[in-house]
Amino acid sequence: MGEYFNMLGKDFQKHKVVYFLGLFGISYYIIFSYIPMYGVTIAFKNYSPVKGILGSEWIGFQNFVDFFQSFYFWRLLRNTLIISIYELLIAFPAPIILALLLNEVRHTFFKRLTQTITYLPHFVSIVVISGMIVDFSRKAGLFNIILSWFGVEAQNLLLDPSLFRTIFVGSGIWQGIGWGSIIYLAALSAIDTQLYDAATVDGANRWKQMLHVTLPGIMPTIVILLILRIGGIMDVGFEKVILLYNPQTYETADVISSFVYRRGLLEANYSYSTAVSLFNSVINFILLILANRISRKINDTSLW
């Protein structure tokens, strides 16, 4: 142990500037991520802003029990999981497919133009994006105009509970597909070109090169991002949900994060909403651990 600290001390003397710069990042997470964790204790209390965290009554797991026994529990869990699974099965592969397609494009101008067009929606505010979706979904909106070409009767699409998930996930793909493809394009650029030359000599066409050279080359990147995505499967951003949903679509649109927003900020039920949010975070943590362990056993690729 003493030898380890001696090595650490020598390294510190040698790289003082690097350690000093790293201090800012460490301080940020300590101040804004770890110290606020103390506030999670209000999930186990009947929190009152007047009494404060320390003075509020301790009620144990009562908030969790109330949530598990409430009418909303299964509806929120179902909606959150369904939307997340849709995003995992449809939205997650979309940037991979786009990156593979762009990798096969040889016309530089067309490739750059496509990248620019697909990147742009990412830089548009979620409020603006949601406003566009609301306008397009109106009875006289763009979506209904297009659907009318196929004989579909016009309606306000966001008032139909059965269409909310499709609109939510579809608009998310449109907004994030270009930005999400960047990391895969970076991984593709790192593949040794000699592998393609060898595959060509062996008689592999472009399709087989993609299957046997390109995909295996970016597989570690795909696996790592998939683990992270599974670790956040219970996180459906409440911002977009609350901008698009309405009481008529709560049946399919209301998710855990939007419920926490309503109970915590609008109804000022801080303890209950914190308990619900803590439950959500614990499930995400367990899923992250399991996904990482399964990945490590299957293909030796993992976060740690």
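The values are calculated or read from the model by the stated rules, or taken from the named source; none is laboratory data. The structure displayed is predicted, hence computed values, not measured ones. In this analysis, Cβ positions are derived from the backbone assuming ideal geometry, glycine residues included, and neighbour counts consider all displayed protein chains. Surface accessibility is based on the protein's heavy atoms, side chains included, excluding ligands, DNA and RNA. Shrake-Rupley method; radii C 1.70, N 1.55, O 1.52, S 1.80 Å.
Taking amide H positions as modeled 1.01 Å from N, with prolines and chain starts lacking one, the residues under 5 Å from K45 and 5 or more places away or on another chain are I59.
The calculated FRET efficiency for the pair A140 and W179, based on their C-beta separation and a Förster distance of 30 Å, comes to about 0.45.
The candidates T214, T200, arranged from most to least accessible area with a 1.4 Å probe in the full protein assembly, appear as T200, T214.
For the pair T166 and S281, the difference between a 0.36 nm per residue extended length and the Cα-Cα distance amounts to 38.9 nm.
Place the peptides 183-195, 260-272 in order of packing, highest mean first, counting for every residue the other Cβ atoms within 10 Å and averaging per peptide.
Numbers: 183-195: 13.7, 260-272: 16.7.
Most protected by this proxy first, the peptides run 260-272, 183-195.
Here the chain has 68 percent of its accessible surface on carbon and sulfur atoms, given a 1.4 Å probe and all protein chains in place.
Per residue of the chain, what 222 nm ellipticity follows from adding -39500 (n - 2.57) for every DSSP H run with n ≥ 4, rounded to the nearest 500?
Numbers: 17 runs with 202 residues, N = 304.
One gets -20500 deg cm²/dmol as the mean residue ellipticity at 222 nm.
Converting phi to 3J(HN,Hα) with the Karplus coefficients 6.51, -1.76 and 1.60 and the offset θ = phi - 60°, region 80-88 yields 4, 5, 5, 5, 5, 5, 4, 5, 5 Hz in sequence order, with x at every glycine or proline. Assuming charge only on the beta carbon of Lys and Arg (+1) and of Asp and Glu (-1), the dipole of the chain about its Cα centre is about 260 debye to the nearest 20.
Calculate the FRET efficiency for E239 and D197 from the Cβ-Cβ distance with a Förster distance of 51 Å, rounded to the nearest 0.05. Mind dumping the intermediate values first?
Values: r = 48 Å, r/R0 = 0.93.
Efficiency computed from Cβ-Cβ geometry: 0.60.
At a Förster distance of 35 Å, what's the computed FRET efficiency of R262 paired with L120, Cβ-Cβ distance as r, to 0.05? Given R0 = 35 Å and the Cβ-Cβ separation, E is 0.60.
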